[in-house]
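Data first, discussion second: the structure below is written as structure tokens.
The values are calculated or read from the model by the stated rules, or taken from the named source; none is laboratory data. Since we're looking at a predicted model, the values are computed, not measured. For neighbour counting, all protein chains shown are included, and Cβ atoms are generated from backbone atoms with ideal geometry for every residue, glycine included.
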Amino acid sequence: MVQNRKMQMLLVVTAIATSQFFSSHLTSASAGESGVASVYSTESGSGTASGQRLNPGALTAAHRTLPFGTKVRVTNKSNGRSVVVTINDRGPFVRGRVIDVTPAAAHALGFSGLTQVSLNAGERHQREARDDDDKD
């Protein structure tokens, strides 16, 4: 009886842990996420959660849930400028913020500090997949 109960608990814990990696949890930005963007602080160190070195001159960003390597179009709502960044880190860890971008990405978006943005993840990949389907 105790062995059966332990097995049930193990299955429940495994199911919960596994569900955290389903795509519905990882693609919130693809539905048009909006919020505040901030510029990375380069004082916190030189590494990222993906293992890549933090490069302030690269067009990269941190997002809480999108998979590393995801391309995200970030649009500055105040001026309409946009840039595609690659997710290579986790964050931001400040309530209300949806993405941290490198200083180079912030420059391309025309802001310093904080700004309101909209995110669109995987836009290029979705277009390429549609183009491939049209060839068939």
Name the residues in region 69-107 that are more than 15 Å from the chain's Cα centre (by Cα), over 16 Å from Tyr40 (Cβ atoms) and outside any strand (DSSP E or B), would you? Lys77, Ser78, Asn79, Gly80, Arg81, Arg95
Please go through region 101-115 and pick out each residue that is among the hydrophobic types (A, V, I, L, M, F, W, C) and under 13 Å from Arg81 (Cα atoms). Ala105, Ala106, Ala108, Leu109, Phe111
Restricting to region 78-113, and then to whatever is over 24 Å from Gln52 (Cβ atoms), of a type outside the set (S, T, N, Q) and at pLDDT 95 or above, can you tell me which residue is surrounded by the fewest Cβ atoms within 10 Å (Cβ to Cβ)? Gly80
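This table checks each residue for (1) modelled with pLDDT under 70; (2) out of contact with any Asp or Glu (no Cβ under 8 Å at 6 or more places or on another chain); (3) within 20 Å of Arg95 (Cα to Cα).
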| position | (1), (2), (3) |
| --- | --- |
| Met9 | yes, yes, no |
| His25 | yes, yes, yes |
| Gly32 | no, yes, yes |
| Ser38 | no, no, yes |
| Gly57 | no, yes, no |
| Ala62 | no, no, yes |
| Lys71 | no, no, no |
| Val74 | no, yes, yes |
Going through region 29-76 in order, the residues found to be exposed (fewer than 14 other Cβ atoms within 10 Å of the Cβ) and of a type in the set (D, E, K, R) are Glu43, Arg53
